[in-house]
C-alpha cells in the first residue's frame, strides 16, 4: 500500500500474490494454541510494522532528493537533455559521484538524528543510572565482546539498508523480514511447533522463492527496456 501510494510504484499480480502467500503463511505458522495474545500487543505490532514499512520508502525518496539537489539546473547525471531523461532522472548510474555523496550524506543525517532523539530519552527516563546501579557485569570482557559484535552488526545493517533499497526496492527491503521471521520461528520454537506451523514455514519460504524469481524476471525486463530506450 505504501509503495503504491507514496512511491508511485505499480506492482504486478505475481509480485502481490507471492507477498500475500508468504505473509499469510507466516501468520499461520505463528499461531500457537498455548499462547495468549492480547489486543494491545496486536495493535502495537501493527503500528510498529507501519513505521518499519515507511522507513525504506522515506530513505529512497530522501536519497533521490539529495541526489537531485546536487545536479545543476538543466543538467542530468547521464549527460542528456532534461526532455530525454525526465523519466529516468532518479535512475542514474549507481557509481556516480552525486549518488555516492548523497548516500553518505543521508547516512550521516540519519545517524545524527537518531543520536539526538534517543540520547535525551535515555537520560530523561533514568535508564542510565538504573543500568549503572544494577548491572554488575559491565566489567566482564565477554559482555563487552558481545556489545562490540552487536554494534558492528548494527552498523553493517544501518549502512547496507540504503544500499539494498537503492539496488532493489522498498518492497523488497521490507519483504526480507518475512523469510527471516520464518527462519527465526523455526529455530527458536522448533520443539513447540505443531504440524500447521511447519506447513506455514514451508509455504512461507516457497512464497519467498517465488517472489525472488518474479522480481528477478521483472528486473531483467526493465533492464532490457532501459537499454532499448537508449
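No lab work stands behind these numbers, since they all come straight from the coordinates. Everything numeric in this text was worked out from a predicted model, so none of it was measured. When we count neighbours, we look across all protein chains shown, and the Cβ atoms used for this are built from the backbone with ideal geometry, even at glycine.
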Item checked: Cα shape, the stretch 109-230, gyration tensor, a/c 1.5 rule -> oblate
Next item on the list: Determine, for 52, 227, the number of other Cβ atoms within 10 Å of each Cβ, and report the residues in order from fewest to most.
Entry: 227, 52
Notebook entry, point to check: Roughly what angle does helix 39-69 make with the longest principal axis of the chain, taking Cα atoms, 0 to 90 degrees, to the nearest 10?
Noted result: 30
Notebook entry, point to check: Of 160, 125, 18, which has the largest mean-square fluctuation in a 10 Å C-alpha GNM of the chain?
Noted result: 125
Next item on the list: Report the relative contact order of the chain, percent, no decimals, based on alpha-carbon pairs under 8 angstrom and at least 6 residues apart.
Entry: 42
Check: Quick one, what does Rg over Rh come out to for the stretch 138-184 if you take C-alpha atoms and the Kirkwood Rh?
Finding: 1.16
Notebook entry, point to check: Of the residues 117, 57, 71, which exhibits the maximal mean-square fluctuation in a Gaussian network model of the chain defined by a 10 Å Cα contact cut-off?
Noted result: 117
Item checked: For the stretch 1-58, convex hull volume per residue from C-alpha positions, Å³ -> 90
Notebook entry, point to check: By how many nm would the segment from residue 224 to residue 69 lengthen if fully extended, with 0.36 nm per residue of separation less the alpha-carbon distance?
Noted result: 52.9 nm
Check: To the nearest 500 deg cm²/dmol, what mean residue ellipticity at 222 nm is calculated for the chain from DSSP H runs of n ≥ 4 alone, each contributing -39,500 (n - 2.57), summed and divided by the residues?
Finding: -25000 deg cm²/dmol
Next item on the list: Could you check which residue among 12, 150, 111 shows the biggest mean-square fluctuation in a GNM of the chain with a 10 Å Cα cutoff?
Entry: 150
Next item on the list: Quick one: order 2, 175 by neighbouring beta-carbon count within 10 Å, fewest to most.
Entry: 2, 175
Note to self: Can you give me the convex hull volume of the Cα atoms of the chain, divided per residue and expressed in Å³?
What the structure shows: 183
Notebook entry, point to check: Cα axis of helix 195-229 to longest principal axis of the chain: angle in degrees, 0 to 90, nearest 10?
Noted result: 20
Check: How far is helix 141-167 tilted, in degrees, relative to the longest principal axis of the Cα atoms in the chain, given as a value from 0 to 90 rounded to the nearest 10?
Finding: 30
